[in-house]
Every structure is written in C-alpha cells, then in structure tokens.
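Peer 1: Sharing a structure, written as structure tokens. Questions coming.
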Number of protein chains: 2
Amino acid sequence: MNPSLPTYEDVVQASQRLEGIAHRTPVTTSSSLDARLGALVFFKCENFQRIGAFKFRGGYNALASLDSEQRKAGVVAFSSGNHAQAVALAARMLDIKATIVMPHDAPAAKKAATRGYGAQVVEYDRYKQNREEIAHGLVQAQGLTLIPPFNHPDVIAGQGTAVKELLEETGGLDMLFVPLGGGGLLSGSLLAAHAISPDCAVYGVEPEAGNDGWKSFHKGEIVGIDTPVSIADGALTQALGSLTFPIIRQHAHDIVTVSDQQLVQAMRFFAERMKMVVEPTGCLGAAAALSEIVPVKGKRIGVLLSGGNVDLAAYSAYLTAA
Amino acid sequence: MNPSLPTYEDVVQASQRLEGIAHRTPVTTSSSLDARLGALVFFKCENFQRIGAFKFRGGYNALASLDSEQRKAGVVAFSSGNHAQAVALAARMLDIKATIVMPHDAPAAKKAATRGYGAQVVEYDRYKQNREEIAHGLVQAQGLTLIPPFNHPDVIAGQGTAVKELLEETGGLDMLFVPLGGGGLLSGSLLAAHAISPDCAVYGVEPEAGNDGWKSFHKGEIVGIDTPVSIADGALTQALGSLTFPIIRQHAHDIVTVSDQQLVQAMRFFAERMKMVVEPTGCLGAAAALSEIVPVKGKRIGVLLSGGNVDLAAYSAYLTAA
C-alpha cells in the first residue's frame, strides 16, 4: 500500500484530537421513512456540526497537526464553501492566520461566514482562473501552508471520524451512503467502515452531472471531467485525488448517482418530516436511499448528511419549485 | 389549592408513562448566539418530538390514563393542529379509535398528517361554528371521551415533562421562555421548573395580537379576546383555561409578547444558523430571547421550541419575505 495513504489508525488519532472540539453530532431516525422503505435508516447529522458541515473535522485535524513554525506562518485553503469555513474556524481556534481562496460565485452566506471567522478571503473566477495556482502563489510568496480540501492524509483522517462515531452508536450496518465530491469524506468513511463494520457495503453518491467518481471507480484510474453543473455545489469537483481514489477503489462497494430533482425531494423530506435543513450536497447520500437507487429493503442503513449551509433564498426556491 | 389542579408529582408520573414512548428530544446551543447575547441559551427541541411537536406528550399521557371502558368507546379532540396529530398518533399506539374536530383552514399538512395517523377528521368553520359544541355533540351521541387541547390535568402534566428533561440536562436556569396559547405547555413547564429550579424566572410568550394571557395574568382573572390574527397558528386561543390560569398566575414570572416579524426573524435564525425548521408558534419563546424582550445578558436561559410543523409553501415565504 502507498505509504502516504492514511489508515484507520489516523482516523482514531484524529478522533482523539477532535474530542471535545468538534460536536459529536446526533444520529436521527424517521419511523415513517423506515415504514415506507421496510428498512432501518440512521442519519448522521453533520449539518449540526460546527460551521454546519463535516468539513470542520478534516480542517481542524490538519491544522492541529502542523508544527509551530507552520502555525506561525499561517495557512491557505481553496474551497467552494464549507472547507473554507472549516479552515477559517479551526485557524481561529488554534490562533493561526488563514487566507481562503474562494470562487466569486460561491453562496454569499458561505463567503460571509468565512470572513466572520476572521479569515482573509481572496476571490477568483472559477470559469477562468485556476484556484490551485492562486493558492500555490500565496504559498510561495508568503510561506503559507496549503490545506487542500480533500487530497491530504490529515483531512481524510479527520473526515473519517463522523462514520466512526456513527458506527459506534448504531453497531454494524449493511449499507452506508456517503456524498462524493473530491472523495475526502468518502475515503475517510471507508477507512472507518472497513475497520469497524467490514461487511458494510459503502456507496459513494455523486450528482448525475458530476459522475467522474463513477467513471474512475469503474475504469480503475482517475478520470477528469469538465466542471459539472448541479445544485450540489459542494460536489462540483472535476476529479478524485491521488490519495482519495486508491482508498475508494479498494474499499467502496460502488459509486451511484442521483439527479438534482432527487436532491430536492430529499431536502423537502428533511424539512417536512424531520425538521432539518440539509444543503443539496448534504442530501446526496440520503437521495440515494430515499429514491432506492439500490435495493434497501430489510437493511440497516447509514446515511451521512454532510452539511446544512444553503442560502435561504435558494433553499426556499427548492422547497417550493414544481 | 384547587384539588383538581395537577402537581409536579403528576409530571413525574407522566414522565414515567412517556419513558421509551416519547422522544427524549435534544437540547441544542449556538455559540454565535451566545456570543451575541452574552448569555448561555439552551434550546429544548420539541420540533424533533413525535408528530413534530410537544403535544404528543400531553396527548399520550391523557390517553394512557383512560380506563378500559373509555378506551373501548374511543376519544374525540378539537385542535387547530398539533394536538390533533398528538391524539391521533397516541390513539393508534394505544389501539383507541380517535375522532378529531379541526378548523377547515388548518394547515393542509396538519390535516393530512392527522388522517395519516388513522384518525377520522371532522372539519368546521372557525369563524362561524363552535368546535367545543361539535365535540360535545360527539361525546353525547357516541360516548366518546373528550381530550381537550390544554385544559386537562393529564394533558398539562404530560406537557411538563419537556421542561423536566431540559432542567435535568442543563441543571438550574435563570430564565425560561415558553410559548403560550391556551397555557397547557406553560402551566406544565411551571410545575416542573418550580420543583426542579425554583429560582428560575419563567416567562410565557404570546403573539402580540393574542395577548389574552398577558391581560389575564396582570388583571388576576381570565380575560377573553376575539380570535387573534397571527402567523403563530398554534397560539390563536381566545382565553386561558380554568386549570392553566391558576398555575400560571401563581408561578409565572411574567407574560411577554412578540411580533410576527420577530417570529420570522427567529425562524430564519434557526434555518440559517442552526439548520432546524421551527414553526411560527414554536418560535415564540425563542423570539423573546433573540429579540431581548427582557434583559438576558449574563443569564443561563432555557427556551422551549414547541414544534416544527409548517407548510413548506408558507415556510418558504417566511424565509424570504422582506
């Protein structure tokens, strides 16, 4: 195995670092949903995590792992949203200076929240500029440490702590549905699930328009696509990472896709029946289960709800669109 | 003291009856809100209760207290919404036939949910007909037992279990804000708070347009008003009850009111910052705290979020209205 790949032991260490720092988020259920599906579904509610998304886990774990010189120089991150807030908040908690490179069309609420956590925001045009180049420029000019959104061992290990908590609470599961963008959450979840509940079939769930993960998984190599268009704004990545792909390839049961309409139906289910706000990307795993993309009857099923950060105007439109 | 008034001992017994039946709902906090108010605020989330509201507690407790003959004949309830679903679900769980008298302009989601729980729904015009007369007619014709929405010792005792749970989790509080309609939740909460945290100042919170509780509390006798117009559709009662008023008069610190606009601001806060759907009536207590209707700085504050049942179309409009 590639020696730079994170392992379950790294997830356990991340879990210890996050103890009392990240919220141990609740696991919720719906008896009406269970009756409809003939299954038992457990939702791990990372929409209730600090900054409203699981990303805090990986961001904090990466920053807490820096040495004193790196902390003094500061960090830089590029992100379409939740990773930005995660690094910004973790940096403030650890007294580290943070610079965040964000697309200028990221949700206003996410940009405002990132600045609210005390980070400096550098905006770019996602259709014309390369965010990685901008971030690397800041690394070279100012000596900052880059905290990538998913392709980093400490980030992956941190994200895996959510599923570790879920499985400790539910015991073994038959299936687990996890949102898939760049693969940080999915690969971390796979490390945890493989160690704790090895018979659990773990599915990565992508938006239909952004099915690079499905292509890569079935081709056996990383396949890149153009920037996809979907309401799942946290899963608009063009390719899996060099660290996330091999873990996904090795341990995932399959990758499946859901439509934007299925994401909207899931959002409405959460608002109407479970009184929770879940963002479109956060509904990826849930939409696969609710729409029975794969047969779920008779199964004990985990679903990772990855976040709840959505502009209220956009959210209202999703709740009422025909 | 009036011998028919419920006591804290009745709340304790209700709590035992509801053990493993009602959800022990989570208590949530917001560090950004606490920073803004300079206070510690604990939200008791009855929007996550069965049927989406605290009403399940009182409804189930009342039905579970019936004798076998009453259970055989069935029950009838009149309700503008959540009490209807509460009695319907409790009846199904206890294998009792339920008839619910509901206003024809009650939220469609609430009527559908009530029927979904297997109850028979009898509709009436709230501006022309008297729901109590209709219900009493069914009592006489069919031998049903009436389960009133708030003015009943077992209902009051059941509602008090939410604040009992809250105080067991938080320890003593300085202040507690509770939504006030007919006073079932407030009077039950007062029994629990007075016994567990006797120095806690408990406030009932009404919509501005429906301030009969404030009038009654300060006049020292029950004052009736015309059916008020407010988005808080669960607090449109015209008068406190003969059982709820004396408990409120004896133990409440004060009654305060909030505007519909303050309710909307609270709803947006819960959606945007806490990822929770809370219905307008459910925001009454929160709106008082968030809008600092009384000084809250430096205090440990409990807030009862009473429910989360709101039509998605109406909810969307609240989230986006200017």
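The values are calculated or read from the model by the stated rules, or taken from the named source; none is laboratory data. Predicted model, so just to flag it, every value in this text is computed and none were measured. Methodologically, a virtual Cβ is constructed for each residue, glycine included, from the backbone with ideal geometry; neighbour enumeration extends over all protein chains shown.
Peer 1: Could you tell me whether segment A:77-93 includes any residue that is among the small types (G, A, S), part of a loop (DSSP other than H, G, I, E, B) and within 14 Å of chain B (Cβ to nearest Cβ)? Working first, answer last.
Peer 2: Step one: list which residues in segment A:77-93 are among the small types (G, A, S), which gives A:77, A:79-81, A:84, A:86, A:88, A:90-91.
Filter once more, keeping what is part of a loop (DSSP other than H, G, I, E, B): A:79-81.
Within this subset, residues satisfying the condition of being within 14 Å of chain B (Cβ to nearest Cβ) are none.
No, segment A:77-93 contains no residue that is among the small types (G, A, S), part of a loop (DSSP other than H, G, I, E, B) and within 14 Å of chain B (Cβ to nearest Cβ).
Peer 1: Residue under question is B:K128, and the condition is that it be among the basic types (K, R) and either surrounded by fewer than 23 Cβ atoms within 10 Å (Cβ to Cβ) or away from every other protein chain (no Cβ under 14 Å) (or both); does it hold?
Peer 2: Working: among the basic types (K, R): yes; either surrounded by fewer than 23 Cβ atoms within 10 Å (Cβ to Cβ) or away from every other protein chain (no Cβ under 14 Å) (or both): yes.
Criteria met by B:K128.
Peer 1: Pull up segment A:1-25, narrow it to residues that are within 14 Å of another protein chain (Cβ to nearest Cβ) and among the aliphatic types (A, V, I, L, M), then point me to the one that is nearest to A:M274 (Cα to Cα). Give the steps one after another, and end with the answer.
Peer 2: First, pick out the residues of segment A:1-25 that are within 14 Å of another protein chain (Cβ to nearest Cβ): A:20-25.
Now restrict to residues that are among the aliphatic types (A, V, I, L, M): A:21-22.
Working: A:I21: 26, A:A22: 23 Å.
That would be A:A22.
Peer 1: In segment B:264-285, which residues are part of a helix (DSSP H, G or I), within 13 Å of another protein chain (Cβ to nearest Cβ), out of contact with any strand residue (DSSP E or B) (no Cβ under 6 Å at 6 or more places or on another chain) and crowded, with 24+ Cβ neighbours inside 10 Å? Reasoning before the result, please.
Peer 2: The initial filter retains those residues of segment B:264-285 that are part of a helix (DSSP H, G or I), namely B:264-273, B:281-285.
If we keep only those that are within 13 Å of another protein chain (Cβ to nearest Cβ) as well, we get B:264-265, B:267-273, B:282-283.
Still in the list and also out of contact with any strand residue (DSSP E or B) (no Cβ under 6 Å at 6 or more places or on another chain): B:264-265, B:267-269, B:271-273, B:283.
Within segment B:264-285, B:M267, B:C283 qualify.
Peer 1: Shifting gears a bit: Yes or no: B:L138 closer than 24 Å to B:A22 by Cβ and touching a residue at least 12 places away in the same chain (Cβ under 8 Å)?
Peer 2: On the way: closer than 24 Å to B:A22 by Cβ: no; touching a residue at least 12 places away in the same chain (Cβ under 8 Å): yes.
In short, no.
Peer 1: Sticking with this structure for a sec: Can you tell me which residue is surrounded by the fewest Cβ atoms within 10 Å (Cβ to Cβ) among those in segment B:98-125 that are touching a Ser or Thr at 6+ places or on another chain (Cβ under 7 Å) and modelled with pLDDT under 90?
Peer 2: B:A106
Peer 1: Here is a follow-up. If I filter segment B:145-154 for residues that are in contact with a helix residue (DSSP H, G or I) (Cβ under 8 Å, 6 or more places away or on another chain), more than 24 Å from B:L290 (Cβ to Cβ) and assigned to a helix (DSSP H, G or I), do I get at least one hit?
Peer 2: Yes, that holds for at least one residue.
Peer 1: Which of (1) away from chain A (no Cβ under 14 Å); (2) surrounded by 17 or more Cβ atoms within 10 Å (Cβ to Cβ) does B:Q261 not meet, given it meets every other one?
Peer 2: So B:Q261 meets the others, but not (2).
Peer 1: Looking only at segment A:1-60, which residues are polar (S, T, N, Q), part of a helix (DSSP H, G or I) and modelled with pLDDT of 95 or more? Don't jump to the end; show me each part of the working.
Peer 2: Residues of segment A:1-60 that are polar (S, T, N, Q), as a first pass: A:2, A:4, A:7, A:13, A:15-16, A:25, A:28-32, A:47, A:49.
Subsequent filtering for residues that are part of a helix (DSSP H, G or I) retains A:13, A:15-16, A:31-32, A:47.
Within segment A:1-60, A:Q13, A:S15, A:Q16, A:N47 meet the criteria.
Peer 1: Scan segment B:46-73 for residues that are crowded, with 20+ Cβ neighbours inside 10 Å and away from chain A (no Cβ under 14 Å) and report the count.
Peer 2: Initially, segment B:46-73 is screened for residues crowded, with 20+ Cβ neighbours inside 10 Å, giving B:46-63.
In the following step, the residues that additionally are away from chain A (no Cβ under 14 Å) were identified as B:55, B:57-63.
Qualifying residue count, segment B:46-73: 8.
Peer 1: Right, next: Output the residues belonging to segment A:26-45 that are more than 10 Å from chain B (Cβ to nearest Cβ) and of a type outside the set (K, R).
Peer 2: Our first condition is that a residue be more than 10 Å from chain B (Cβ to nearest Cβ); within segment A:26-45, this holds for A:27, A:30, A:33-44.
Answer for segment A:26-45, where residues must be more than 10 Å from chain B (Cβ to nearest Cβ) and of a type outside the set (K, R): A:V27, A:S30, A:L33, A:D34, A:A35, A:L37, A:G38, A:A39, A:L40, A:V41, A:F42, A:F43.
Peer 1: Let me ask something else about it. For the subset of segment A:198-230 comprising residues that are in contact (Cβ under 8 Å) with a residue 40 or more places away in the chain and part of a loop (DSSP other than H, G, I, E, B), which member is farthest from A:L173 (Cα to Cα)?
Peer 2: A:T227
Peer 1: If you scan segment A:66-111, which residues turn out to be within 21 Å of A:Q16 (Cβ to Cβ) and either among the basic types (K, R) or within 20 Å of the chain's Cα centre (by Cα) (or both)?
Peer 2: Filtering segment A:66-111 for residues within 21 Å of A:Q16 (Cβ to Cβ) gives A:66-68, A:70-71, A:86-87, A:89-91, A:93-96.
Within segment A:66-111, A:R71, A:A86, A:V87, A:L89, A:A90, A:A91 meet the criteria.
Peer 1: Kindly provide the set of residues from segment A:1-45 that are surrounded by 15 or more Cβ atoms within 10 Å (Cβ to Cβ) and among the acidic types (D, E), ordered by number.
Peer 2: Selection gives A:D10 alone.
Peer 1: Right, next: Can you find, within segment A:286-319, the residue that is surrounded by the fewest Cβ atoms within 10 Å (Cβ to Cβ) among those that are within 9 Å of chain B (Cβ to nearest Cβ) and under 14 Å from A:Q261 (Cβ atoms)?
Peer 2: A:A317
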